């Protein structure tokens, strides 16, 4: 191969890498490039198994249909391990507690808020490969460190409504019911027997009648005492889905309007990314 042809081949390879970098080489959770990469299930396996939803199709990014077992996103090995250990493991225990009627501690409430933010963050980053998640945090930092939630904890509330019975014989619902936007705070969905939402405390009204809300605070989210005991609010999973599909988008829109009106900082910032550094 001539020197000119070799240079062309290298240039073509670099162009190909640049095109693939946002989706293939960059970890969605920490935005680093050149790390050991893995394919992480967008819905964690423990909730898939808990809801028996592995083979059930849902609306995936771009309008396609996928099963939870096949819906994966690129995460680096470090983020995959960290999110599994520091977030998914403790959240699975929180789900067991709340579904069994044992209640939640303040620390568990904070974990559930971070867990909802994780879904919103990964979905947003996947749909905006050339956007920046935030000037403040990466998805991993925001969902594993205390600083992100402590900075606004005094104005947040966690809402939960339990479901009495499933309309389907085997598969329980798993999904987020709030659209993507800029506000990055309000996230709502139905997971197994739990309808759940995080909201600014003064914007929870749209969920009245479906969710019990626990106001958060910096002191509360550091507590290990069981103090939040959500009630069973929905007779069936279908009723919970219908309620959250109606309330979720309205709540998200209210948060978008509040953010724009207050001119506050944004957790989600759709500015061009910093220059991509490719691995050598």
Of the residues 154, 224, 219, 170, which is at pLDDT below 95, exposed (fewer than 15 other Cβ atoms within 10 Å of the Cβ) and within 20 Å of residue 106 (Cβ to Cβ)?
-> 154
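Give the residues of segment 135-151 that are modelled with pLDDT of 85 or more and in contact with a strand residue (DSSP E or B) (Cβ under 8 Å, 6 or more places away or on another chain), sorted by residue number. Give the derivation first.
So the first thing to find is which residues in segment 135-151 are modelled with pLDDT of 85 or more, and the list is 137-151.
Residue satisfying the conditions is 149 alone.
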Qualifying residue in segment 110-132 (condition: crowded, with 22+ Cβ neighbours inside 10 Å, at negative phi, more than 13 Å from the chain's Cα centre (by Cα) and touching a residue at least 40 places away in the same chain (Cβ under 8 Å)) = yes
If you go through segment 68-84 one residue at a time, do you hit one that is within 17 Å of residue 197 (Cβ to Cβ) and either in contact (Cβ under 8 Å) with a residue 24 or more places away in the chain or surrounded by 15 or more Cβ atoms within 10 Å (Cβ to Cβ) (or both)?
-> no
Please report, ordered by residue number, the helices (runs of 4 or more DSSP H) entirely within segment 21-125 with at least 2 residues that are under 30 Å from residue 229 (Cβ atoms), modelled with pLDDT of 85 or more and out of contact with any strand residue (DSSP E or B) (no Cβ under 6 Å at 6 or more places or on another chain).
-> 45-51, 89-99
Going through segment 205-216 one residue at a time, which ones are surrounded by fewer than 16 Cβ atoms within 10 Å (Cβ to Cβ) and closer than 24 Å to residue 168 by Cβ?
-> 209
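Here is a check on your reading of the model: is residue 234 outside any helix (DSSP H, G or I) and crowded, with 16+ Cβ neighbours inside 10 Å? Explain how you work it out, then say what you get.
Numbers: outside any helix (DSSP H, G or I): yes; crowded, with 16+ Cβ neighbours inside 10 Å: yes.
Against the criterion (outside any helix (DSSP H, G or I) and crowded, with 16+ Cβ neighbours inside 10 Å), residue 234 qualifies.
Do we have any residue at all in segment 257-279 that's assigned to a helix (DSSP H, G or I) and modelled with pLDDT of 90 or more? Before you say what the answer is, go through the steps one by one.
Of segment 257-279, the ones assigned to a helix (DSSP H, G or I) are 257-262.
Going one step further and asking which of them are modelled with pLDDT of 90 or more, we end up with 257.
Yes, segment 257-279 contains at least one residue that is assigned to a helix (DSSP H, G or I) and modelled with pLDDT of 90 or more.
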Conditions (1) more than 21 Å from residue 259 (Cα to Cα); (2) in contact (Cβ under 8 Å) with a residue 24 or more places away in the chain: number failed by residue 169 = (2)
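The values are calculated or read from the model by the stated rules, or taken from the named source; none is laboratory data. Computed from a prediction, not measured in an experiment: that's the story for all the values here. Positions of Cβ are generated from backbone atoms using ideal geometry, with glycine treated the same way; all protein chains shown enter the neighbour counts.
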